[in-house]
Amino acid sequence: MRARFVNTTAPALHSVWTRPSRPRLWTCSSCSRLARSTPNRPLALQSAPDQKPYYITTPIFYVNAAPHVGHLYTLVLTDILKRWRVLKGEKALMCTGTDEHGLKVQRASAKAGIEPKLFCDKGAAIFKELAAKALISNDHFVRTTDSDHKDAVAYAWFLLQEKGLIYTKKHEGWYSVSDEAFYPQSVVQPYLDPPTGRKIMTSVETGSEVEWSSEENYHFRLSEFREPLLQFYGENPEWITPAHRMKDVVQAVESGLEDLSISRPSERLTWGIRVPQDNSQTIYVWLDALMNYVTKAGYPWAPGRDNAGGWPADCHVIGKDIVRFHCIYWPAFLMALGLPLPKKILTHAHWTLGGSKMSKSTGRVVDPFLALDRFGPDVMRYYLAHDGGIQDDGNYDNVQIIKLYNNFLWAQVGNLVSRITRGKKWSVRGAIERIGPLPASEWAEGPGSRFYNTLSTFPLNIAESLDAHDPRRAVRLIADLIRSSNQYFQMSEPWKKILEYGPGEPGEEVDRIVYLATEALRMAGILLQPYMPNKAKTMLDQLGVDDTRRTFEYCAVGRDLHYGTPKIDLGVKYTGALFPPLPSEE
Ligand code: MSP
C-alpha cells in the first residue's frame, strides 16, 4: 500500500460539466457518463435550484440475515414521519436501502456458498419486498453496491485525502465483525460462551465477539473534530432525541476521540469499495454505509443543486445501537467534507422478545413477513408505533397485538364508525348540513361544548407531537380522542333523544351529537393515514370524505362540510366492518 496518497487535486464537480475539455485528474464514473451526455452544458443552468424537500432516512440494513421486526419498526417510524409531511402538503422524500459490503456480508455469503453480489441481490430483494408489504412509501432504495453510491464514496475519500485528513498507520485492536467496529482493549472482556464452552473476547458494550487484528491501514483524523463536534452539540442541544442519548454522546466526545481506522487490507476484506488508487485497501464499511444518505440526495452535486435532493437530511431515524456511528463519526465526516449536518437524529429503543434481546444469531427474532400476513400491514404498523419504544425497549407480544385489536381498533374505532354511519335514526349528511355552518360561538356553552373544545385543540396537539418526531405520543393522543368520542356518544344517548322528538327530523340536539362524533372520526381518520394508510382510507371512504379533502389543512372542526355520503357500500354488520373480528387461533 502507498504510504501517502498521490498529491493531486480533487476536481470541483462543475469543472467536469462546464469545461469538459480541461484535463481531469480524477472523475467518478457517473460524472464521466453525465459529462458525455451533456457536453458543454452546465448542469446548474438546466433548471433553477429546486426548493429543498423534507428528507428522512432509515438506516440501511445488513443483508447478512433475514429481516426481523426491529427492522420493520425503523421502517414504519420513518414512513409515518414522511407521510406526516406529505399530509401537511410538503414535498417529502424517504430513503431506505441495504448495507451490502463488509466482512459480515462477505462471511455470510461465503458460508451460504453464494457469490457476494448475488447474495446481496437476494438480500436486497427481501428488504424491498418487506418495505412494499408494509406499505412503506420510500422514494429511494439505496444499495451500497450501486455504482452511483460507489462513486460518491470514492469522491468523498478523494476529498478527505485532499484535505490531509487521511493518513496511514499500523492499527492494532479488537474488531467485531457483527458490529463492524473496532474496539480498544479497555472495552473488551473475556467471556465463556455457554453453548460451545469456547473462551472468547467480547465487546462490553454490545456483547459481540471480537477478534484481534493487527494491520496497516488508513486512518481518519477524527481526533481533530472533538472541538467542532462539541461546539455543534452545544449549539444544537436537541439534535439527538431522546435527550439522554444526546447526553451520552456529548460525554463520549468530551472524554476524547481517537483517530478512526477507515480501511482494511483487501486480502482480508475483499467485499467492499477499494480505496481509490490503492487496490491493496478496502474502505471501512461504516464510512461506505453512512455515505448512502448523501448518495441518493445526489452527492456529489453540481453547483446550485446542493439542496435539490433533500440534503441536509431533516431526520435520520436509527436504533440506539448505532448512535456512535451516526452522532460522532457521521457529523465528523460531513464537517470534513464541508457538507451541512443532518437536522435531527431520532434514536429509538429496541424490541425485545420474552424480555430479552432479539438476536439473529440465536434465532430469537420475530419474522416480520409472518406478522404482516397474520395481522395485516395496517394493524402491524399501528401496533409498532403504539407500543414500540423510543426511550425504553418494548416487548413484542402477539397477545398484546390481539388485545389492541379487540379492545381498541375493533371495539372503539370500528364500532364508532359503524354506529354512526349505519345509524338508521339520524342522517350524517343532514347533521353536517344543518350543524356544520354554525359559528364557533354556538358551542360556547351547553351540551357538547366541552367535547367541541377537545376537538378544536386536538389537531394542534398531534401536529406538535409529530413535528417533534414523536409518532408514539401522537398515536396515543389519537387513540384518546377516539375513546372520548365513544364516551361522548354513549353518554349523550342520541337514540333516547330521538324518542323524545317523535317522528320527522331528529332535532338539533341529536344532530349536534352526531355531527361532533362524526367530526371526531373524520379528523382521526385524516390523522391516522400516516399510521394505517389502507384502513384510514376505508374509514374516510365510509364517512364519504372527498379524496382532495384528506390533508392536514382539513383537519379542523367544520373545515369540510361536503362529506357524509358514504363513497363505498357500508355492507351489513360485520361483513363491511372496518376491523372485522380476528380469526380465532387454531
Ligand atoms: N447496516 C447498519 C446501519 C448502517 S446505516 C448507515 C445496521 N444494520 S442492521 O441491519 O443491523 O440494523 C438496522 C436497524 O435495525 C438499526 O437501526 C438497528 O438499531 C435496528 N434494529 C436491530 N435490531 C432491533 C430491534 N430488536 N429492535 C428495534 N430495532 C432494531 O446497523
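The values are calculated or read from the model by the stated rules, or taken from the named source; none is laboratory data. All values reported here derive from a predicted model rather than from experimental measurement. With ideal geometry, Cβ positions are generated from the backbone for all residues, glycine too; neighbour counts draw on all protein chains shown.
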Next on the checklist: Test of understanding: among Phe325, Phe333, which residue is within 16 Å of the ligand (Cβ to nearest atom) and under 27 Å from Phe119 (Cα atoms)?
Outcome noted: Phe325
Next on the checklist: Please verify whether Arg274 is among the charged types (D, E, K, R) and within 12 Å of the ligand (Cβ to nearest atom), treating the condition exactly as stated.
Outcome noted: no
Checklist entry - In the list Ala302, Ala252, Ala308, Ala289, which residue meets the criterion of being crowded, with 23+ Cβ neighbours inside 10 Å and in contact (Cβ under 8 Å) with a residue 12 or more places away in the chain? => result Ala289
Checklist entry - Could you list, in sequence order, the residues of the range 158-178 that are touching an Asp or Glu at 6+ places or on another chain (Cβ under 8 Å) and either more than 18 Å from Glu216 (Cβ to Cβ) or part of a loop (DSSP other than H, G, I, E, B) (or both)? => result Leu165, Ser176, Val177, Ser178
Next on the checklist: Just the residues that are free of Cβ contacts under 8 Å to residues at least 60 places away in the same chain and either within 12 Å of the ligand (Cβ to nearest atom) or not assigned by TED's automatic domain parsing to the domain that holds Ala313 (or both), please, taken from the range 342-358.
Outcome noted: Pro342, Ala349, Thr352, Leu353, Ser356, Lys357
Checklist entry - Only one of (1) under 18 Å from Ile273 (Cβ atoms); (2) within 16 Å of the ligand (Cβ to nearest atom) fails for Leu77. Which number is that? => result (1)
Checklist entry - What residue, of Ala124, Ala65, is modelled with pLDDT under 95 and either within 15 Å of the ligand (Cβ to nearest atom) or in contact with a Ser or Thr (Cβ under 7 Å, 6 or more places away or on another chain) (or both)? => result Ala65
Checklist entry - If we keep just the residues of the range 299-322 that are closer than 17 Å to Thr57 by Cα and hydrophobic (A, V, I, L, M, F, W, C), which is farthest from the ligand (Cβ to nearest atom)? => result Ala308
Next on the checklist: Tally up the residues in the range 338-363 that are of a type in the set (Lys, Arg) and modelled with pLDDT under 85, please.
Outcome noted: 2
